[in-house]
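The structure appears right after this line, and notes come after that.
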Amino acid sequence: MTGRFAPSPSGRMHLGNLFSFLLAWCAVRAENGEMVLRMEDLDPQRTSAEFAALIRRDLLAFGLTWDREVPCQSNRTAAYDAAFAQLEALGLIYPCYCSRSQVHAASAPHLGQSEFVYAGTCRNLTPEQRTAQTRLPAWRLRVPDEEWTVHDGLQGDYTELLSRDCGDFVLRRADGVYAYQLAVVVDDADNGITQVVRGRDLLASTPRQTYLFSLLGKPAPEYCHVPLLLAPDGRRLSKRDGDLDLAALLERFTPEQIIGSLAHAAGLIDRNEPISAQELATVFDWRKVKKEDIYLTL
Ligand code: GLU
């Protein structure tokens, strides 16, 4: 069994990231599996080596170790090119000249971000219409009018009608940057990942990913989408909550106290008391982990 940490080095880790990583790590260690670290630095404008170094340091401060670090996404263009060519050979990719196509393509679309179903404007342009365009195109995958179900280990079945709920999605932006959806699938396949544990906000991306796995002829991993952490007023905790960034928290609490609070909030331990990641792995049990989002007060 192989799991992964797949942080985007676009900022320091926050409590929500730590929560997902803690569960991912415990699930792997509980089964004597292997943990992989992959820096998702697809978008050169938003990510940096400095943030990647901080994330590695923060993971280790919480005892969240990894067995191998795989090449980061900025070094994987050749692999994405090959997958793109494979899909192109299936006749499933078309150029899209619409202007909004670039907006969210390269970053993981999180719950609440404005995701829209593409109307298919450029789907059936004639060769003449294409050559008449002046803008550089983004590249979209044609999706069928088909229901697609993901069996999530924690959230249960999640089904989308690809044409209606998802629409033709971007695989490559007009500036050449590959989209998160393609990169993550090629990486999870090449890195031998068998279990993906991540925040519930990415459940809606999963049909697209398992669909890509099937087109590329690779087995999809098992998915477990864990609850999001919410502030007491219902907002999602995020990097914007300065008081919840790890540097500030580590001034007030030990790593074991923070892990204890997270493990208690997740439903893994009965009392909110300090515990190390290693000890937590020995009592880890998916059946105890809550499905619903969690209001957290530390
Ligand atoms: N790198 C993505 C993020 O930080 C996570 C992608 C994934 O787990 O599939 O949002």
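The values are calculated or read from the model by the stated rules, or taken from the named source; none is laboratory data. Everything numeric in this text was worked out from a predicted model, so none of it was measured. Cβ placement follows ideal geometry from the backbone for every residue including glycine, while neighbour counts extend to all protein chains displayed.
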Selection from the stretch 8-67 of residues of a type in the set (G, A, S), touching a strand residue (DSSP E or B) at 6+ places or on another chain (Cβ under 9 Å) and part of a loop (DSSP other than H, G, I, E, B) yields G11, G33
Checking G3, G16 in turn, the sole residue that is buried (at least 19 other Cβ atoms within 10 Å of the Cβ), touching a Leu at 6+ places or on another chain (Cβ under 8 Å), small (G, A, S) and touching a residue at least 24 places away in the same chain (Cβ under 8 Å) turns out to be G16
In the set R235, R200, R287, the lone residue that is touching a His at 6+ places or on another chain (Cβ under 6 Å) and either within 21 Å of R29 (Cα to Cα) or among the basic types (K, R) (or both) is R200
Among the residues of the stretch 255-278, the number that are out of contact with any Asp or Glu (no Cβ under 8 Å at 6 or more places or on another chain), surrounded by fewer than 20 Cβ atoms within 10 Å (Cβ to Cβ) and among the polar types (S, T, N, Q) is 3
Picked from the stretch 279-293 (must be surrounded by fewer than 17 Cβ atoms within 10 Å (Cβ to Cβ) and hydrophobic (A, V, I, L, M, F, W, C)), the residue farthest from G153 (Cα to Cα) is V283
Notebook entry, point to check: Has the stretch 177-193 got at least one residue that is over 25 Å from L154 (Cα atoms), of a type outside the set (A, V, I, L, M, F, W, C) and more than 20 Å from the chain's Cα centre (by Cα)?
Noted result: no
Selection from the stretch 188-201 of residues near the ligand (Cβ under 9 Å from one of its atoms) and either touching a strand residue (DSSP E or B) at 6+ places or on another chain (Cβ under 6 Å) or modelled with pLDDT of 95 or more (or both) yields D188, V196, V197, R198, G199
Next item on the list: Answer yes or no as to whether E88 is within 30 Å of A119 (Cβ to Cβ), within 12 Å of the ligand (Cβ to nearest atom) and at pLDDT 95 or above.
Entry: no
Scanning the stretch 258-290 residue by residue, the ones that are touching a Gly at 6+ places or on another chain (Cβ under 7 Å) and assigned to a helix (DSSP H, G or I) total 4
Considering the stretch 144-187, residues that are aromatic (F, W, Y) and within 16 Å of the ligand (Cβ to nearest atom), and then whichever is farthest from N75 (Cα to Cα), we arrive at Y158
Condition set away from the ligand (no atom under 11 Å from the Cβ) and among the aromatic types (F, W, Y), scope the stretch 208-226, selection farthest from V143 (Cα to Cα): answer is F213
Checking E31, E40 in turn, the sole residue that is of a type in the set (D, E), at pLDDT 95 or above and more than 9 Å from the ligand (Cβ to nearest atom) turns out to be E31
Taking the conditions exactly as written (closer than 27 Å to C122 by Cα and within 13 Å of the ligand (Cβ to nearest atom)), does S205 satisfy them or not? yes
For the stretch 129-171 the number of residues that are closer than 25 Å to K291 by Cβ and either of a type in the set (A, V, I, L, M) or in a loop (DSSP other than H, G, I, E, B) (or both) is 6
Picked from the stretch 91-108 (must be within 20 Å of L215 (Cβ to Cβ) and at pLDDT 65 or above), the residue surrounded by the most Cβ atoms within 10 Å (Cβ to Cβ) is C96
The condition of being in contact with an Asp or Glu (Cβ under 8 Å, 6 or more places away or on another chain), acidic (D, E) and either under 28 Å from L216 (Cα atoms) or surrounded by 17 or more Cβ atoms within 10 Å (Cβ to Cβ) (or both) holds, among D67, D81, D58, D43, only for D67
Within the stretch 144-171, restricting to residues that are of a type in the set (G, A, S) and over 17 Å from the mean Cα position of the chain (by Cα), the one that is nearest to I93 (Cα to Cα) is G167
On the basis of being under 19 Å from K218 (Cα atoms), modelled with pLDDT of 95 or more and among the aliphatic types (A, V, I, L, M), does L154 make the cut?
no
